[in-house]
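Since the structure comes first, as structure tokens, the remarks are kept for the end.
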Amino acid sequence: MKRRGLRSPAAPDSDQPSSNVEPSPPHTERPWGWFEDLAEGAGYRVKRLHVAAGRRISLQRHRHRAEHWVVVSGTGTAELEGERQALAAGSTLFIRLGAVHRVGSGAQPLEIIEVQRGDDLREDDIERLADDYGRPLDC
């Protein structure tokens, strides 16, 4: 299992302050905001998504993974299989393999912890059906 963002406390005789959190890993920028990988292992990957205020991800589906989203801050709207659902901190959403989905933020940024489960968790497992930013569609 790979884990990011944690480190051992500094040694007692060290000049560095003791801390169990190091700076966040680099973000991967997208037109809608950014994401970062938090952990991964056999058959799973955990990411933090930051959807900038007033933005949304592409309408998409995945052929090799299901996702479970937990909203940790902000508000927004999810579209899942043609249904709309309001989101706020504490909301959860399960996106089954192959389900058409997207999420958009409200007036404030939206942060989501995303747990992916599947046999292929590469970033290119996205079938893009609609996109606000002119990226190529797969339909």
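The values are calculated or read from the model by the stated rules, or taken from the named source; none is laboratory data. Note that the structure is predicted; figures quoted are calculated from it, not measured. Positions of Cβ are backbone-derived with ideal geometry, glycine not excepted, and every protein chain shown enters the neighbour counts.
Can you find even one residue in region 61-68 that is modelled with pLDDT of 95 or more, over 17 Å from A130 (Cα atoms) and under 12 Å from the mean Cα position of the chain (by Cα)? Checked region 61-68: at least one residue is modelled with pLDDT of 95 or more, over 17 Å from A130 (Cα atoms) and under 12 Å from the mean Cα position of the chain (by Cα).
If you take the residues of region 101-124 that are among the charged types (D, E, K, R) and surrounded by fewer than 17 Cβ atoms within 10 Å (Cβ to Cβ), which of them is farthest from H50 (Cα to Cα)?
D119
Cβ-Cβ distances below 9 Å connect the following pairs, each with a first residue in region 123-139 that is closer than 26 Å to E40 by Cβ and free of Cβ contacts under 8 Å to residues at least 60 places away in the same chain, a second residue that is of a type outside the set (S, T, Y) and surrounded by 12 or more Cβ atoms within 10 Å (Cβ to Cβ), and a separation of six or more residues or different chains: D138/Q60; D138/I126; D138/E127; D138/R128; D138/L129. Quick one: how many residues across region 53-70 are over 19 Å from E40 (Cα atoms), aliphatic (A, V, I, L, M) and assigned to a strand (DSSP E or B)? Of the residues in that region, 1 qualify. Can you name every residue in region 38-86 that is surrounded by fewer than 16 Cβ atoms within 10 Å (Cβ to Cβ), under 22 Å from P109 (Cβ atoms) and of a type in the set (K, R)? Within region 38-86, R84 is the sole residue that qualifies. Taking residues in region 15-38 that are under 18 Å from L121 (Cα atoms) and of a type in the set (A, V, I, L, M), and partners anywhere that are at pLDDT below 60 and not in a loop (DSSP other than H, G, I, E, B), the pairs with Cβ atoms closer than 9 Å and at least 6 places apart or on different chains are L38/R3. Sort out which residues of region 101-134 are assigned to a strand (DSSP E or B), touching a Gly at 6+ places or on another chain (Cβ under 6 Å) and small (G, A, S), and write them in order of number. Residues satisfying the conditions are G104, S105.
Within region 88-100, not a single residue is of a type in the set (D, E, K, R), within 14 Å of L49 (Cα to Cα) and either touching a Gly at 6+ places or on another chain (Cβ under 8 Å) or not in a strand (DSSP E or B) (or both).
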